[in-house]
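The values are calculated or read from the model by the stated rules, or taken from the named source; none is laboratory data. Since the structure is predicted, the reported quantities are computational estimates derived from the model, not experimental observations. Every residue, glycine among them, receives a Cβ derived from its backbone with ideal geometry; neighbour counts consider all protein chains shown.
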There are 2 protein chains.
Amino acid sequence: MESAIDTHLACPRSISRRVPADYQPPFPMWVGRADHQIEQVTMGYLGVQSRGEDQRFAALGAVRHLVDSLSTADGTQHHDITHHVDNQGYDNYIVVGYWNDPATFRRWLRSPEVDQWWTSEDRITDGIGYFREIISPRVDQFETLYAFQEQLPGVGALMSDISGEINEHGYWGSMRERVPLSQTDWMQPAETDTLHIVSGDPHSGGRVVVAGHDNIALIRSGQDWREAGVEERALYLDEIQPTLQAGMDFLRDNGADVGCYSNRMVRNIDVDGNPVDESYNIGHWRSLERLERWAESHPTHLRIFTTFFKVAGDLDKLRLYHEVSVSSGADQTFEYINCHPATGMMRDATPGPAA
Amino acid sequence: MESAIDTHLACPRSISRRVPADYQPPFPMWVGRADHQIEQVTMGYLGVQSRGEDQRFAALGAVRHLVDSLSTADGTQHHDITHHVDNQGYDNYIVVGYWNDPATFRRWLRSPEVDQWWTSEDRITDGIGYFREIISPRVDQFETLYAFQEQLPGVGALMSDISGEINEHGYWGSMRERVPLSQTDWMQPAETDTLHIVSGDPHSGGRVVVAGHDNIALIRSGQDWREAGVEERALYLDEIQPTLQAGMDFLRDNGADVGCYSNRMVRNIDVDGNPVDESYNIGHWRSLERLERWAESHPTHLRIFTTFFKVAGDLDKLRLYHEVSVSSGADQTFEYINCHPATGMMRDATPGPAA
């Protein structure tokens, strides 16, 4: 049994854990272990927004362009592609890349091919929408949790190793306690922090930049049933998925009331747009605390949680995991081109700079 | 908004809370406020065990005797009477009295009428069973929580006042944080602590004394629908009660696996044995931590919790509450006369003194 917090990130606590020192988790779980030289990562969610079959070809062309752009110098070795229809009826394709160093990411972002494509007047005129939601959490600002030990997805692709069985899971509050910064920091935004629009007008289309704030939390919570046998497919598709979808739809539609800025349940696809048997949820929250409060009290999430508790010890090929980060406002980028005004962080953003 | 921890019991923390300083609960709840001169209380659960209609008259006679005995000098002003059938098919009647000073309780216990009745050979020969489960938590060892503000039940009967709206509720871990001792102490039993039989043999009947250990937790969790209107009666009887009963039956029958030594869902009765529209659960746990783990993860309790969350802000006459304590081993008394061997703390007690 080891701590979820890697040895080089452990420090004297000013904030105690919520469970006694002899706490024993009810089943095994693991976390990713990154090379100690990695200090900060970049998670780049690069989006394409279209509507209906007519725009599908154009949208998938843009997706292919984004995927290709990740193969350039300073790009990423690993990416996912997903699709979802949002509650305004728009198709959204997201290519997600993970960098193990924000400096590399910045070089990639500023490379002529990437920069010129994004700033091109064609992005305004070619009839579909685009967005970039990018955060760069330091290694003490994120955590992972896997019910398996191989081929780690998401930020796990940057991890060279997997932990032994970790202690900090199986109780409410363990997510926070896996984030190394929780040893000394509550990771709270300031009371006056809000999302605000830095440039553009979401209701007029065109280019919009939204500024975030310190300690916005991002959760990616995933399911991979590609290799699952009959029983585990049924477990996921019949027992877990419907409740999960209900909970995630609730957050998509009512997130503003509970501190969830944006919530997208996405389905993995291949580069041609064909669905594969993987999905995940992407949730942006005002704070880790708001995420905790919702997760601990909403019936749909509690149902998911109890189902997971019941089956976690016996999972074979059904892969369940999550990664959660907080990031500093300065390490966040939220940009939109011709997306509808409820897209991503635009929905809850207020005009003008924060007070 | 005030702290659940009364001002005179607040102290510098060595253990932090689990929520940020600006945490705001989702609906109001209150705690009892006792006179600051009260340092320790005694909770005396005085039981009568019988079987079937044939023994009902004798059992109710014993109940009446116990109730009368509480009116003697050094008795209590307040008591409850309850009945439940346990999972061995026995009827159990419990008279519960609360004392605001263990010294007064001890004088009561040692008074000739109480002492002679308990030690009398008649208790061995009169054909029914008896038990006394008594704990004396200090005021820093217990907490209360009420969704109402008047006529506090249980230990609340010792309280002269009610708090304003308190901060520490609405999140997992708040129960612990309402106990003043949690500021500096994990309230954990030692790993080697067990229940053990001090004298007698549960399987032979007669008199049995069980020794507890430090930090056994006792929860009394109650429902009072005497004054509830049609809608709230339906809410309790149709929505809350069936799930509650399922959860409490689970603990009654499977408690040993999760650290619950004894669990009794009891119905309030009058002194003639007629049911009234109040009930509560009496749960003895190895530790507060085991109680937390079960409450936070078991489907039945999570369903009760989400229902409560949904309705808590609108409760009118339906009264929901709980009180939770830990106590030192030296402040616990568990005695049984002619009770079946699965009664109370006997079930999980091992022979002989602990190592």
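Would you call A:Val41 out of contact with any Asp or Glu (no Cβ under 7 Å at 6 or more places or on another chain), surrounded by 18 or more Cβ atoms within 10 Å (Cβ to Cβ) and at negative phi?
The answer is yes for A:Val41.
Could you look through segment B:75-115, keep only residues that are more than 25 Å from B:Leu152 (Cα to Cα) and of a type in the set (Val, Ile, Thr), and pick out the one that is surrounded by the fewest Cβ atoms within 10 Å (Cβ to Cβ)?
Per the criteria, the residue is B:Val85.
For the subset of segment A:14-35 comprising residues that are assigned to a loop (DSSP other than H, G, I, E, B) and among the charged types (D, E, K, R), which member is nearest to the other protein chains (Cβ to nearest Cβ)?
Across segment A:14-35, the extreme among qualifying residues is A:Arg18.
In segment A:187-229, what count of residues is obtained for those that are touching a Lys or Arg at 6+ places or on another chain (Cβ under 9 Å), within 28 Å of A:Gly352 (Cβ to Cβ) and not polar (S, T, N, Q)?
Residues in segment A:187-229 being touching a Lys or Arg at 6+ places or on another chain (Cβ under 9 Å), within 28 Å of A:Gly352 (Cβ to Cβ) and not polar (S, T, N, Q): 10 in total.
Restricting attention to segment A:267-316, and to residues there that are among the hydroxyl-bearing types (Ser, Thr, Tyr) and more than 13 Å from every other protein chain (Cβ to nearest Cβ), which single residue is farthest from B:Val311 (Cα to Cα)?
Out of the qualifying residues, it is A:Ser279.
Residue-wise test of (1) farther than 18 Å from A:Asp185 by Cβ; (2) polar (S, T, N, Q).
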site	(1), (2)
A:Thr7	yes, yes
A:Ala10	no, no
A:Arg13	no, no
A:Gln24	yes, yes
A:Met29	yes, no
A:Gly32	yes, no
A:Thr42	yes, yes
A:Arg51	yes, no
A:Ala58	yes, no
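Filter segment A:146-163 down to residues that are more than 16 Å from A:Thr76 (Cβ to Cβ) and touching a residue at least 40 places away in the same chain (Cβ under 8 Å), then give me how many there are.
Residues that pass the stated criteria total 7.
Only one of A:Ser279, A:Ser287, A:Ser221 is crowded, with 18+ Cβ neighbours inside 10 Å, under 14 Å from the mean Cα position of the chain (by Cα) and either without any contact (Cβ under 8 Å) to a residue 24 or more places away in the chain or farther than 27 Å from A:Tyr130 by Cβ (or both). Can you tell me which?
It is A:Ser287.
Could you tell me which of the residues B:Ser136, B:Ser160, B:Ser182 is on the phi < 0 side of the Ramachandran plot and surrounded by fewer than 16 Cβ atoms within 10 Å (Cβ to Cβ)?
Exactly one of B:Ser136, B:Ser160, B:Ser182 is on the phi < 0 side of the Ramachandran plot and surrounded by fewer than 16 Cβ atoms within 10 Å (Cβ to Cβ), namely B:Ser160.
For every residue, the table says whether it meets (1) surrounded by fewer than 21 Cβ atoms within 10 Å (Cβ to Cβ); (2) assigned to a helix (DSSP H, G or I); (3) touching a Leu at 6+ places or on another chain (Cβ under 7 Å).
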| position | (1), (2), (3) |
| --- | --- |
| B:Trp117 | yes, yes, no |
| B:Ile124 | yes, yes, no |
| B:Gly127 | yes, no, no |
| B:Tyr130 | no, no, no |
| B:Val155 | no, yes, no |
| B:Gly164 | yes, no, no |
| B:Glu177 | no, yes, no |
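So is B:Ala10 under 30 Å from B:Gly313 (Cβ atoms), surrounded by fewer than 16 Cβ atoms within 10 Å (Cβ to Cβ) and more than 14 Å from chain A (Cβ to nearest Cβ) or not?
So B:Ala10 passes the test.
Counting only residues that are among the hydroxyl-bearing types (Ser, Thr, Tyr) and either in contact with a helix residue (DSSP H, G or I) (Cβ under 8 Å, 6 or more places away or on another chain) or modelled with pLDDT of 95 or more (or both), which one in segment B:126-169 is nearest to B:Gly212 (Cα to Cα)?
Of everything passing the filter in segment B:126-169, B:Ser136 is nearest to B:Gly212 (Cα to Cα).
Looking at segment B:256-266, can you tell me whether even one residue there is within 14 Å of chain A (Cβ to nearest Cβ), crowded, with 22+ Cβ neighbours inside 10 Å and either assigned to a helix (DSSP H, G or I) or in contact (Cβ under 8 Å) with a residue 40 or more places away in the chain (or both)?
Within segment B:256-266 (the criterion being within 14 Å of chain A (Cβ to nearest Cβ), crowded, with 22+ Cβ neighbours inside 10 Å and either assigned to a helix (DSSP H, G or I) or in contact (Cβ under 8 Å) with a residue 40 or more places away in the chain (or both)), the answer is no, since none of the residues qualifies.
Which of the residues belonging to segment B:187-199 are away from chain A (no Cβ under 11 Å) and without any contact (Cβ under 8 Å) to a residue 60 or more places away in the chain?
B:Ser199
In segment A:136-186, how many residues are more than 28 Å from A:Ser297 (Cβ to Cβ) and either among the hydroxyl-bearing types (Ser, Thr, Tyr) or within 13 Å of another protein chain (Cβ to nearest Cβ) (or both)?
3
Return a yes/no flag: does segment B:13-25 have any residue that is surrounded by 14 or more Cβ atoms within 10 Å (Cβ to Cβ) and either of a type in the set (Phe, Trp, Tyr) or within 30 Å of B:Gly344 (Cβ to Cβ) (or both).
Yes, there is a match, as at least one residue in segment B:13-25 is surrounded by 14 or more Cβ atoms within 10 Å (Cβ to Cβ) and either of a type in the set (Phe, Trp, Tyr) or within 30 Å of B:Gly344 (Cβ to Cβ) (or both).
State whether one or more residues within segment B:16-33 are among the small types (Gly, Ala, Ser) and under 30 Å from A:Ser14 (Cα atoms).
Scanning segment B:16-33, I find at least one residue that is among the small types (Gly, Ala, Ser) and under 30 Å from A:Ser14 (Cα atoms), so the answer is yes.
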